[in-house]
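Shown next, in structure tokens, is the structure this report addresses.
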Amino acid sequence: MQNIVRFGVSIDDKLLSRFDSVIENKGYVNRSEAIRDLIRNTLVNEEISNPDTEVIGTLTLIYSHAEHEVSDRLNEIQHGYFKNVISSTHVHLDEHNCLEVLILRGRGQEVQYISDNLQSVKNVRHGRLTVTSTGKNLP
Ligand code: NI
């Protein structure tokens with residue numbers, strides 16, 4: 001059984017009304033739910049900042065398949081880390097551009113390293129890594 005604590009917060013009324021309007025647009029039914037998510041997000045960020053924490057990374061890469069060596073190189077790197085690359089999806093965006101989304105799993109440090117390796121491949125136009133965790137150590 002979880003203990004629920006109520007606490008009061010002193011805050012500028014304009015700041016709070018902006019916050020209320022933002023969370024309403026996002027679909028929150030009440031302020032408590034939004035504040036719980038903010039707190040959880042802060043704690044997850046703190047947790048994943050530790051390089052040894054097990055994390056899940058979603059890496060999005062955009063590149064042109066016209067440069068054949070790009071796909072070969074990306075493929076080679078992914079095979080080198082097959083234990084960490086748990087899923088990959090390739091979408092042909094148009095005649096030239098490819099989108100690849102990889103789901104990576106491992107220690108924060110490893111996931112960052114693999115992502116850096118893939119993003120720095122010549123002719124990868126854009127890459128972005130999003131790191132999260134299950135938050136299993138959080139209450
Ligand atoms: Ni493609």
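Against the conditions (1) within 30 Å of residue 24 (Cα to Cα); (2) open to solvent by less than 80 Å² (accessible area, probe 1.4 Å); (3) more than 15 Å from the ligand (Cβ to nearest atom), residue 60 satisfies every one except (3).
What is the residue count in region 73-84 for residues that are within 13 Å of the ligand (Cβ to nearest atom) and open to solvent by less than 60 Å² (accessible area, probe 1.4 Å)?
Of the residues in region 73-84, 1 are within 13 Å of the ligand (Cβ to nearest atom) and open to solvent by less than 60 Å² (accessible area, probe 1.4 Å).
The strands (runs of 3 or more DSSP E) found entirely in region 38-139 that carry 2 or more residues being of a type in the set (S, T, N, Q) and within 16 Å of the chain's Cα centre (by Cα) are 54-64, 85-92, 124-132.
Out of the residues in region 74-130 that are within 15 Å of residue 62 (Cβ to Cβ) and among the basic types (Lys, Arg), which is modelled with the highest pLDDT? The residue in question is 128. Please specify each residue of region 94-122 satisfying the condition of being within 16 Å of the ligand (Cβ to nearest atom) and either among the hydroxyl-bearing types (Ser, Thr, Tyr) or open to solvent by 60 Å² or more (accessible area, probe 1.4 Å) (or both). Those that are within 16 Å of the ligand (Cβ to nearest atom) and either among the hydroxyl-bearing types (Ser, Thr, Tyr) or open to solvent by 60 Å² or more (accessible area, probe 1.4 Å) (or both): 94, 95, 96. Considering the conditions (1) more than 16 Å from residue 123 (Cβ to Cβ); (2) in contact with a helix residue (DSSP H, G or I) (Cβ under 8 Å, 6 or more places away or on another chain); (3) of a type in the set (Val, Ile, Thr), residue 86 is excluded by exactly one of them, (2).
Within region 27-55, the residues that satisfy the criterion of being surrounded by 15 or more Cβ atoms within 10 Å (Cβ to Cβ) and touching a helix residue (DSSP H, G or I) at 6+ places or on another chain (Cβ under 7 Å) are 28, 34, 48, 53, 55.
All told, residue 13 falls short of being without any contact (Cβ under 8 Å) to a residue 60 or more places away in the chain, loosely packed, with under 12 Cβ neighbours inside 10 Å and within 16 Å of the ligand (Cβ to nearest atom). Within the set 70, 131, 91, the sole residue that is within 16 Å of the ligand (Cβ to nearest atom), in contact (Cβ under 8 Å) with a residue 40 or more places away in the chain and in contact with a strand residue (DSSP E or B) (Cβ under 8 Å, 6 or more places away or on another chain) turns out to be 70.
The values are calculated or read from the model by the stated rules, or taken from the named source; none is laboratory data. Keep in mind that what you see is a predicted model, and the values were worked out from it rather than measured. Positions of Cβ are generated from backbone atoms using ideal geometry, with glycine treated the same way; all protein chains shown enter the neighbour counts. Note: areas computed on protein heavy atoms with side chains; ligands, DNA, RNA excluded. Shrake-Rupley method; radii C 1.70, N 1.55, O 1.52, S 1.80 Å.
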